[in-house]
Amino acid sequence: MEFLVITLIKLALITFIFMTTLAYLQWVERKVIAHVQVRMGPSRVGPHGLLQPLADVIKLITKEGVMPPHVNGGYYLLAPFLAVFMALISISIIPFGGAIDIPAIQLAGKTFGPYHTMMELASVNMGVLMILAVSSMGVYGIALAGWSSNNKYALLGGLRSSAQMISYELPMSLAIASPLLTAGSLQLRGIADSQAGFYLGFVPKWAIFQMPAPQIFAFIIFMIAAFAETNRIPFDLPEAENELVAGFHVEYSSMTFASFFMAEYANMVTVCSVGTLLFLGGWQPLWPAALGSNFVAPAIFLGAGLICLYHGLNPARPFDRYTLPVFAVVFFGLAGLMAFPPLVPVLTPLFWFLAKVGFLLFVFIWIRATLPRFRYDQLMSFAWKFLFPAALLNLLVTGFLVALVP
Amino acid sequence: MQNLWLIPALPFIGFLINGIFGRKLPKVAINAIAVLSVVLSFGLVVGVGLSSDWGTNPVHQHYFTWIKSGAFEVGWDFAVDKLTMIMLMIVTGIGSLIHIYATGYMAHEEGYYRFFAYLNLFMFFMLNLVLAANYLILFVGWEGVGLCSYLLIGFYFVKKSATTAGNKAFIVNRIGDFGFSLAMFLIVVSFGTLDFAKVFEAAPGKSVEVLTAIAMLMLLGATGKSAQIPLYVWLPDAMEGPTPVSALIHAATMVTAGVYMCSRSAAIFTHAPAAMELVAIIGLLTAVFAATIGMTQYDIKKVFAYSTVSQLGYMFLGVGVGAFSAGVWHLMTHAFFKALLFLGAGSVIHACHGEQDMRHMGGLRKYAPWTMGTLACASLAIAGFPFTSGFFSKDAILGAAFAHAPWMFWVGVITAGMTAFYVWRAFWMTFWGEYKGHGHPHESPWSMLGPLVVLAFLSIAGGFLFNVPKILESMFPIKEVEGEMTLTAISVTFGLLGIGISYYMYVVNTELPGKIANSLGGFYRLVYDKYRVDEAYDTAVVQPLVEGSTTVLWHGVDQGVIDGIVNGVGHQSKGIGGVLRRIQSGNIRSYATWVAVGAVALLIALGLGGGVR
Amino acid sequence: MDLFFFSLFAFIALICAVNVVLQKHPISSALSLVGVMASLAVLYLLLGAEFVAMSQVIVYAGAVMVLFVFVIMLLNAGIEVHHGRSWMAKLLGFPAFLAILGLLCFFVQRGFPNVGSVRFGDWEGGGAQQVGYALFTEYLLPFEVTSVLILIAIIGAIVLARKELD
Amino acid sequence: MDPLEMMKNGVPETFYLTLSAMLFAIGVAGFMIRRNIITVFMCIELMLNAVNLSFITFAHQHKQVSGHLFAFFVMVVAAAEAAVGLAIILTVFKNRSTLNIDEINTLKN
């Protein structure tokens, strides 16, 4: 019973936060790309366009969902649902921090708790395999969309995406397999825990540094494959505007269209989290708490708050005078939370985890703003002739090292 | 000394590297690898020699169990005792010298890396053979060296004669190996083990018949490997191979394997007098026989080949008359001077741009003084000139022969005379008189001359330096022979006589040989044609085999019976198929239905039969 | 609880399986088959076969069936046409189906009347560790052979699907 | 004891076996009555899955991991088979542009 309640609470929290994150990821991406290209980016709706996502959502919801006459009804509607479903499922098994302990509280004469729970929705023994399985199921959404919308561009997109995803799943799985050899567990939490600790007191034992087999190459291969798995530039062949109009979702509009985007962003987040858990040591800090890694989070927020305050006091734009101080206050509040002793063991790991995921997401966006698109044959030959052998070799070497080095 | 296995392993590594990457490597690298691997293992052998313990209590190392069936067990064991030590010294020492020599000699040959790869492989197997602590490992080495000799004889595989010679060597050796394997089976049956130690321990207790049989079969093997009557025919042809090969494999090491095996199995032979007698007689016969042929040959390498055969005959004589240590001693000294003779011959051939016929040589002493000097030492040694190495060993053998049976001594002495004669004949023909060949002869590079000099020193002083009977006294007690001095005097006289005659015939009065040949007429031609033994074997053995297999096996059994059966079956199934193809509607789904119906039938049958529970 | 899950997913599996057979369009059949496989994976989980369940989803649903869908899309296979030529199948198809179904069920009932019952988590023997251990110790040879088989399959597929078949 | 008795503590393995039998039979039926070669192929996969289910069930019954391994091998082989089979189908379609197995009967005569 208690378990059920706690789980429901966690579910609600995660769903809310995650959905907003997805919405705002869009905004972040637009902003970042804009600044890379020396533009302003969204800045009309709300201060710094902060309300842009909200506007988008409203727009997409209120838009009329056009369903072309020639589409294959059932699957046409099933496809986006599948895509989102598969994208969201994998979030549920991703741990993003240590344990939460809520001391017993006296309330109206009844004692509640003490409660103990982990920062994750479900802890699966086969977490990694589950992630792989779900991500491999993700193809169906796109493929179906491409096929059912009965349009040659869409069909081409669907074909491309299914071929591409199958091809890039192999190097991805191989790249995932090699840190498993050092971690010796399939449970995401266990893998993250296995990377705790430091060499020489300051070099973190993350999989990419971990002796005897540093997984830096595996990490790179994983990231490349991740780009392909999420159909992001430079691998976004399925939705290549200039060849296939919009690829598999050319016939979609309003909510169904939005759900594809949601799926893509959700996949990005998932992939980044997995990468963080497997290679970047999950919520393990970059340097030991003994050297004061616990004060990074407050420091950062404090700094952000101060900057906002400064710019608020001598504003570049008239409304900055009102908006930026508000941000400053928010940041100060966050800093306070981060520094608040009882919350430190809960929030610091969370902070590190989110920071790493955020960094990876930034890399995703950055690359999108930087690189051009592959040609399709290049894409395939890259997967089969370079990435796959490289991953295999890496796995082999890792195996040897793990087996031979005591 | 805990790493005996390194000794053979090093050449093997060399073989692997040269064999696999040799095509790519530069010649320097190939030389370095090939020579170093052998020299290093020589160093290891010396190390083993210097480490004190092996002499008193032989080292025996077990690496892993190779075959295990019931009580019978064969391990990969190596052992070192004094005999093995001597062999090791000879093999690795002379091996490294010849490797060095070969770098100079083969410098302009095709398939350079191939040659050295094979040579290293040979070293590996030979060392296996010598180090072996049981008959099976010995046999592995035995077969291996046979393989390498085959590969190296046929090294110039574009020459038909070379390949055929290789095949001949291989096939003839098969006969011997067949005998040897039979001997091993017999040992397994009667002793239940193949380990030397156990076998020799149990040998005295066994019945003479069994031991004789084993010894005879071993002797067959030995005659194959060591080119004795009746299986010596392959060795002269083996000279088709490069000269270093002739020196290393077909003079110094491999061909002595038979002698080594016999003296290793001394415990068995000593308890089989009849076999001993046979060994002695075969050795003696071979010695004379080959010597007579050697006197008539003109191909310099053939001459030395026959002299090798006859010297091997000597060794067997020594073994046969029970003077194992003398046999081994002669093995060693022979390794020195015969290797030197071959290398010298190689140097001569090199000097004459590949000419091998002595009638087209002569007068080389002006052009190749070093070669001449070293060859002179070798010839002295083989002629048993006093206080050269050959003198001691041959003397020991002859002494033992006299003690055994005087007539053997006399035959041996005469043979010694012939030996001296034909070796020096070759010497005079090569170095004296006028140069009758083409082109300008030239001295060989120092990479070739260096080994020659070393070997020359050894073949002169080898007798003093290593007094093998003394070393092996613990294993083979020395029998004192009365009248030692007189015997020595006699043999020396014969040797000097041979030298003198050859000098007279080939330097002073050069028409004489032709006259003698004419006067002998038919007999001379017979000898010149090596007694037509090859032809005899061909008509007696080879042709019948070919005929029989063609008529009986091929036309009779294969075409008649087997093909008949096959075709019959084919026809039958064709008939049945003609009926069954009615069912084949060519429609997959009907097939599927058939399968389903079949499954149903099966299930029903299962149910009725109560197959489940 | 177990019974509920079992019956739920068994039901789904059966429905999807029937769908595979009855659907006219290959895509529909393929998707129904994916459904079967997914629900079977859940049943495997109930049977304590975590690893096999996961690999079922990854290999079957994730790779093999995607391949099928891909090919169907590529060939743009439409509704299948009806001009039966196999009187065998017409005549015996359905009876054979019934017979096999009946017999198999009969044998199951008769052959295993009182075997144990399955409760989720009553046997943890199917984890990756156990499977991997067995796979690389006593089933090593089959494993290697399978790898060779796969290699052959890859080569064969490539050779078959080449543009020019000469 | 009878299944109803056992249902109190979990699901009788007999149910799993029966389910597997049903799936198998359905697969057989599909194999026989379908004409589209791809669908037929899928029916084969269905049968394989049914067999796997019984493998897993037996593994659970005997508390041995071997059954899982058999299922695993079946899976791998099925994957290989699918690759080759689909390649064949592609070739067939390329050469005669039909997927109807009733028309692919040139083995006859």
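Bear in mind that the values in this text are calculations on the coordinates, not laboratory data. Predicted model, so just to flag it, every value in this text is computed and none were measured. Because the Cβ atoms are built from the backbone with ideal geometry, glycine has one as well, and the counts that use them run over all protein chains shown.
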Karplus 3J(HN,Hα) series, Hz, for the stretch B:454-460 with 6.51 cos²θ - 1.76 cosθ + 1.60 (x for Gly, Pro)
4, 5, 4, 4, 4, 6, 7
For A:119-125, mean number of other protein chain Cβ atoms within 10 Å
1
In percent, how large is the relative contact order of chain B, given Cα pairs closer than 8 Å and 6 or more residues apart?
11
Can you work out ³J(HN,Hα) from phi for every residue in the stretch C:137-153, in order, using Karplus 6.51 cos²θ - 1.76 cosθ + 1.60 and θ = phi - 60°, giving whole Hz and x for Gly and Pro?
10, 8, 10, 5, 4, x, 4, 4, 4, 4, 4, 4, 4, 4, 4, 4, 4
How well do other chains shield peptide A:144-153, expressed as the mean number of their Cβ atoms within 10 Å of each residue Cβ?
1
Among A:GLY74, A:SER259, A:HIS48, the residue whose Cα sits farthest towards the positive end of the charge dipole of chain A (+1 at Cβ of Lys and Arg, -1 at Cβ of Asp and Glu, taken about the Cα centre) is A:HIS48
Efficiency of FRET between A:ALA55 and C:LEU14 - r from beta-carbon atoms, R0 56 angstrom, step 0.05:
0.75
Could you put B:LEU331, B:LEU194, B:LEU151 in order, starting from the residue whose Cβ has the fewest other Cβ atoms within 10 Å?
B:LEU151, B:LEU194, B:LEU331
Other residues with Cβ under 14 Å from the Cβ of C:VAL66 give, with Lys and Arg +1 and Asp and Glu -1, a net charge of -2
What nm distance separates the two modelled labels at B:PHE64 and A:MET255, each placed 7 Å from Cα along Cα→Cβ?
6.9
With label points built 7 Å along Cα→Cβ from the Cα atoms of A:LEU371 and B:TRP410, find their separation and express it in nm.
9.9
Mind listing which GluC sites (Glu not before Pro) in the stretch B:56-111 are in a DSSP loop and have 11 or fewer other Cβ atoms within 10 Å?
B:GLU110
Dividing the mean separation of Cα pairs under 8 Å (6+ apart) by the residue count of chain C yields a relative contact order in percent of 25
Assuming a ≥ b ≥ c are the square roots of the Cα gyration tensor eigenvalues, decide whether chain B counts as rounded (a/c under 1.5), prolate (otherwise, with a/b larger than b/c) or oblate.
prolate
Take peptides B:90-103, A:147-160, B:356-369, A:361-374 and line them up by average Cβ neighbours within 10 Å, highest first, as a rough protection proxy.
B:90-103, A:147-160, B:356-369, A:361-374
Please turn the phi angles of the stretch B:366-381 into ³J(HN,Hα) values with the Karplus equation 6.51 cos²θ - 1.76 cosθ + 1.60 (θ = phi - 60°), one per residue in order, whole Hz, x for glycine and proline.
6, 8, 10, x, 4, 4, 4, x, 5, 4, 4, 4, 4, 5, 4, 4
Taking Cα pairs closer than 8 Å and at least 6 residues apart, the relative contact order of the stretch D:36-95 in percent is 31
Counting sequence-distant residues (5 or more places) and residues on other chains, those with an amide H built under 5 Å from that of B:TRP76 are B:TYR63, B:PHE64, B:THR65, B:TRP66
Label-point separation, B:SER207 to A:ALA196 (7 Å along Cα→Cβ), nm
8.0
Using Cβ counts within 10 Å as a stand-in for footprinting exposure, how do A:VAL357, B:VAL74, A:VAL57 rank, fewest first?
A:VAL57, B:VAL74, A:VAL357
Arranged by the count of other C-beta atoms within 10 angstrom, fewest first, what order do B:VAL130, C:VAL36 take?
B:VAL130, C:VAL36
Assuming R0 = 45 Å, what is the FRET efficiency of A:MET40 and A:LEU291, from their Cβ-Cβ distance, to the nearest 0.05?
0.70
Going by Cα centres, the stretch B:536-606 and the stretch B:71-126 are how many Å apart?
51
What number, rounded to the nearest 500 deg cm²/dmol, is the helix-based mean residue ellipticity at 222 nm of the protein assembly as shown, given -39500 (n - 2.57) per DSSP H run of at least four residues and division by all its residues?
-22500 deg cm²/dmol
Would you work out the charge dipole size for the protein assembly as shown about its Cα centre, treating the Cβ of every Lys and Arg as +1 and the Cβ of every Asp and Glu as -1, and quote it to the nearest 20 debye?
2320
Computed FRET value (nearest 0.05) for A:PHE340 with A:VAL397, which takes r as the C-beta separation and R₀ as 56 Å:
0.80
Averaged over peptide D:48-61, how many Cβ atoms belonging to another chain are found within 10 Å of each residue's Cβ?
6
Does anyone have the angle between helix B:588-609 and the longest principal axis of chain B? Alpha-carbon axes, 0 to 90°, nearest 10?
80
Dipole magnitude of the stretch B:318-408 about its Cα centre, charges +1 at Lys/Arg Cβ and -1 at Asp/Glu Cβ only, in debye to the nearest 20?
140
Filtered hits (aspartates and glutamates, Cα-Cα < 18 Å from B:LYS82, offset >= 8 within chain) -> B:ASP53, B:ASP195, B:GLU201, B:GLU473
Net lengthening on full extension, A:THR117/A:VAL203 (0.36 nm per residue, minus Cα-Cα)
28.0 nm
Rounded, prolate or oblate: which one fits the protein assembly as shown, using the alpha carbon gyration tensor with axes a ≥ b ≥ c (rounded when a/c is under 1.5, else prolate when a/b beats b/c, else oblate)?
prolate
Cross-link partners of D:LYS63 among lysines (Cα-Cα below 17 Å; sequence separation of 8 or more within a chain):
none
Using the alpha-carbon atoms, what tilt in degrees (0 to 90, nearest 10) does helix B:27-50 show relative to the longest principal axis of chain B?
80
Please list, or write none, the lysines whose alpha carbon is within less than 29 Å of the alpha carbon of B:LYS168, excluding same-chain residues fewer than 8 places away.
B:LYS159, B:LYS160, B:LYS225, B:LYS301, B:LYS302, B:LYS338, B:LYS530
